[in-house]
Amino acid sequence: MARAFLVVLDSVGCGGAPDAASFGDDGANTLGHIARECAAGRADTGRSGPLDLPHLARLGLGAAMQTAIGMAPPGIAHWPSPEPSAIWAAAEEISKGKDTPSGHWELAGVPVPWDWHYFPDTQPAFPADLSAQAARLAGTDGILGDCHASGTEIIARHGAAHLQSGWPICYTSADSVFQIAAHETHFGLQRLLDLCQALAPQLHRMKVGRVIARPFIGDGQSGFTRTENRRDYAISPPAPTLCDWVQNAGGQVQAIGKIKDIFSGHGIDRVVKGRDAALMGHLHEALQSAPEGSLTFANFVEFDSLYGHRRDVAGYARALEWFDGHVPHLTGALRPADLLLLTADHGNDPTWPGSDHTRERVPVIGLRGGNAPGCEAGLRGFADIGASVAAHLGIAAPGPGVSFL
């Protein structure tokens, strides 16, 4: 029987979204602009020279980028490459968002049917009654933050006051999120998780996509550091997704990274979390041990969280080259009846103004075991990826997508 491995390189967009201008992102191109900066010698911290992704290029990354933007991508080493050995395509999203849930749900066959609620005011960001409810649930007299901010910046700014007052730090971004940062020991990790879980239903009714717990440690003298105990309380998908389709057909679904949180646990059998380096180990292990008929759904978040949001071009390039180095091990472990799909959920161009996601098309690279020939799948919809996984596993796909296999 077949197995499927769907791997999301979080935020690794490739430009060309036809509606980018309506999101303020006309011209954004995560991969293209990283390659441009590398070729110009402006991304040489911890690395040097042109963006070097030989294995992804050989599979069809450059060809996918060309499909997305209609021209050859400049500045990438090993491009143009020989005829790609994988299926290559570019995919665009129809959901009205450039956020994590929208992208992942649509990749899994379910576009978002509603408009997300955002907090456009910068400070104060939240309605007074929502801030009061957060404080009441926390058992405090108020909240800190109440603004748009990056997670690392806001704990540096309010961490000491948080330790003194005990008030939770609440903030948001251009995404549909309500984030709460608190000290793991002084406030308490479980208390933070309970607060987010208690507040989530109210925010989900407002169509806010996620309430995110952001625990940190440290003090005002040595500084504050976020821990790996982040937890997302996401609104449930509006319909069964690829994960449910596989599970309902008798297959096992393993979530690597934050997939379980994104899908609110629906359709997930097994979960492993950690930093991206550890997640790569879990993905290698899944390729060796995942049962027949299974889906392994992985998200590598650090492209987005550590480098895209922080506008760190060199760091993003290093992460891409690190992932590329693992590609031969991933493809070499495929069995004849396996499918490996590499894609992304949105963009986060580190050369773009601000610190938020960017509306972009995403590359799609599909490799089947058994030396199946490569081919071009053209311009596709996000939902076609879920439909293709379902077709490979021989299960029904009730979503709107069409398989390109």
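Values in this text are rule-based calculations from the coordinates and carry no lab data. Remember, predicted model here, so these are calculated numbers, not experimental data. Here Cβ is always computed from backbone atoms with ideal geometry, including for glycine, and neighbour counts include all displayed protein chains.
Looking at the range 286-374, which GluC sites (Glu not before Pro) are in a loop (DSSP not H, G, I, E or B) and have at most 16 other Cβ atoms within 10 Å?
Details: sites: E292, E302, E321, E360; in loops: E292, E360.
Sites meeting the loop and neighbour criteria: E292.
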Quiz item: DSSP beta bridges in the range 123-231, what fraction antiparallel, as a percent rounded to 5?
Solution: 40 percent
Quiz item: Which lysines does K258 reach when only Cα atoms under 18 Å apart count, and residues fewer than 8 places away in its own chain are ignored?
Solution: K98, K273
Practice problem: Report, largest value first, the span of the C-alpha coordinates of the range 152-219 along each principal axis, in whole Å. | Solution: 35, 24, 16
Quiz item: According to a simple spin-label model (label point 7 Å from Cα along Cα-to-Cβ), what is the distance in nm between K207 and L163?
Solution: 4.2 nm
Quiz item: Are there trypsin sites (Lys or Arg not before Pro) in the range 29-135 that DSSP marks as loop and that have at most 12 other Cβ atoms within 10 Å, and which are they?
Solution: R42
Quiz item: Taking one equal scatterer on every alpha-carbon of the range 84-210, how large is log10 of I(q)/I(0) by Debye at q = 0.13, 0.14, 0.17 1/Å?
Solution: -0.59, -0.66, -0.88
Practice problem: Apply the Debye scattering formula to the range 179-310, with a single equal point scatterer on each alpha-carbon and no solvent, then give log10 I(q)/I(0) at q = 0.10, 0.18 Å⁻¹. | Solution: -0.39, -1.10
Quiz item: In terms of the Cα gyration tensor, with a ≥ b ≥ c the square roots of its eigenvalues, is the range 1-136 rounded because a/c is under 1.5, prolate because a/b exceeds b/c, or oblate?
Solution: prolate
Practice problem: Please compute P(r) over all alpha-carbon pairs of the range 280-405, binned at 10 Å starting from zero, and give each bin as a whole-number percent. | Solution: 11, 37, 36, 15, 1
Practice problem: Could you grab the Rg to Rh ratio for the range 345-405? Cα atoms only, Kirkwood for Rh. | Solution: 1.09
Exercise. Mind checking the range 125-213 for trypsin sites (Lys or Arg not before Pro) that DSSP puts in a loop (not H, G, I, E or B) and that have at most 14 other Cβ atoms within 10 Å?
Key: K207
Quiz item: What translational diffusion coefficient, in µm²/s and rounded to a whole number, does the Stokes-Einstein relation yield for the range 333-380 at 4 °C and a viscosity of 1.567 mPa s, taking the hydrodynamic radius as the Kirkwood radius over Cα pairs?
Solution: 99 µm²/s
Quiz item: Residue separation times 0.36 nm, minus the C-alpha to C-alpha distance between H284 and H117: what's the value?
Solution: 56.3 nm
Quiz prompt | Inter-probe distance in nm under a simple model that places probes 7 Å from Cα toward Cβ, at L306 and S403 | solution = 3.7 nm
Self-check item: Gaussian network model of the chain, Cα within-10 Å springs - most flexible of D219, D261, D384
Solution: D219
Exercise. Express in nm, to one decimal, how much length is gained between R42 and S150 on full extension, taking 0.36 nm for each residue of separation and deducting their alpha carbon distance.
Key: 36.5 nm
Self-check item: Alpha-carbon centroid distance for the pair the range 269-324 / the range 335-405, whole angstrom
Solution: 16 Å
Quiz item: Among the DSSP beta bridges whose two residues both lie in the chain, what percent are antiparallel, rounded to the nearest 5?
Solution: 35 percent
Quiz item: Which entry in [x] 0.96; [y] 1.01; [z] 1.41 matches Cα Rg over 2.2 N^0.38 Å derived from the coordinates of this structure?
Solution: [x]
Quiz item: Roughly how many nanometres apart are two label points built 7 Å out from the Cα toward the Cβ at M71 and V271?
Solution: 4.5 nm
Quiz item: Could you work out Rg/(2.2 N^0.38 Å) for the range 44-121, with Rg from alpha carbons only?
Solution: 1.46
Exercise. Please list the helices of the chain that count as membrane-span-like by this rule: a mean Kyte-Doolittle hydropathy of at least -1.0 together with Cα atoms stretching 24 Å or more along the helix axis, each helix being a complete DSSP H run.
Key: 189-205, 313-332
